[in-house]
Amino acid sequence: MKSKEARNRKLEEIREIAAGWGKIIAREAFPEGPGLDVSLAEMEEVAMAASRALVRGTVEAMTGSQGEKLGDEAACPTCGKQCRLKTAARPMVVRGGEATLAEPVGHCPRCRRDFFPAAAGVED
Ligand SMILES: [Zn+2]
């Protein structure tokens, strides 16, 4: 995602795709269509459950992909030794829901410390 225009175009495409998924969710929740006894609040409950799950799945997929780009090792920020990275589950509240991030974490045996190489700024 480079320019603001390209980003806005992509976001509009994503909104259209997600709105289509709303129809799928509605059919899943009420295969015969919602009865006349189903309130708007009940419909919102289904929509919000789907929305929160969509936020979780999207954020977890994207942060997981960033974490993979860091590779298997990273330099200790204190001594510079290359250290093996593992991932630690990190529950987070994000806009529109919650997600459990697979956060890369390194442990330097020389410094006896853990460190968290940031994925931000990693390019393809
Ligand atoms: Zn170190």
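The values are calculated or read from the model by the stated rules, or taken from the named source; none is laboratory data. Computed from a predicted structure; not experimentally measured. For neighbour counting, all protein chains shown are included, and Cβ atoms are generated from backbone atoms with ideal geometry for every residue, glycine included. For the accessible areas, the whole protein counts, side chains as well, though only heavy atoms, and no ligand, DNA or RNA atoms are used. Shrake-Rupley method; radii C 1.70, N 1.55, O 1.52, S 1.80 Å.
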Exercise. Could you give me the residue pairs with C-beta distances under 9 Å whose first residue belongs to the stretch 34-52 and is touching a residue at least 12 places away in the same chain (Cβ under 8 Å), whose second residue is of a type in the set (Lys, Arg) and outside any helix (DSSP H, G or I) wherever it lies, and which are 6+ apart or on separate chains?
Key: none
Practice problem: Determine whether residue 121 is surrounded by fewer than 16 Cβ atoms within 10 Å (Cβ to Cβ) and at pLDDT below 90. | Solution: yes
Quiz item: Restricting attention to the stretch 80-99, which residues are open to solvent by 90 Å² or more (accessible area, probe 1.4 Å) and either within 10 Å of the chain's Cα centre (by Cα) or away from the ligand (no atom under 16 Å from the Cβ) (or both)?
Solution: 87, 90, 91, 93, 95, 98
Quiz item: If you go through the stretch 31-79, how many residues are of a type outside the set (Gly, Ala, Ser), open to solvent by 50 Å² or more (accessible area, probe 1.4 Å) and away from the ligand (no atom under 16 Å from the Cβ)?
Solution: 21
Quiz item: (1) open to solvent by 90 Å² or more (accessible area, probe 1.4 Å); (2) within 16 Å of the ligand (Cβ to nearest atom): which one isn't true of residue 15, the others all being true?
Solution: (2)
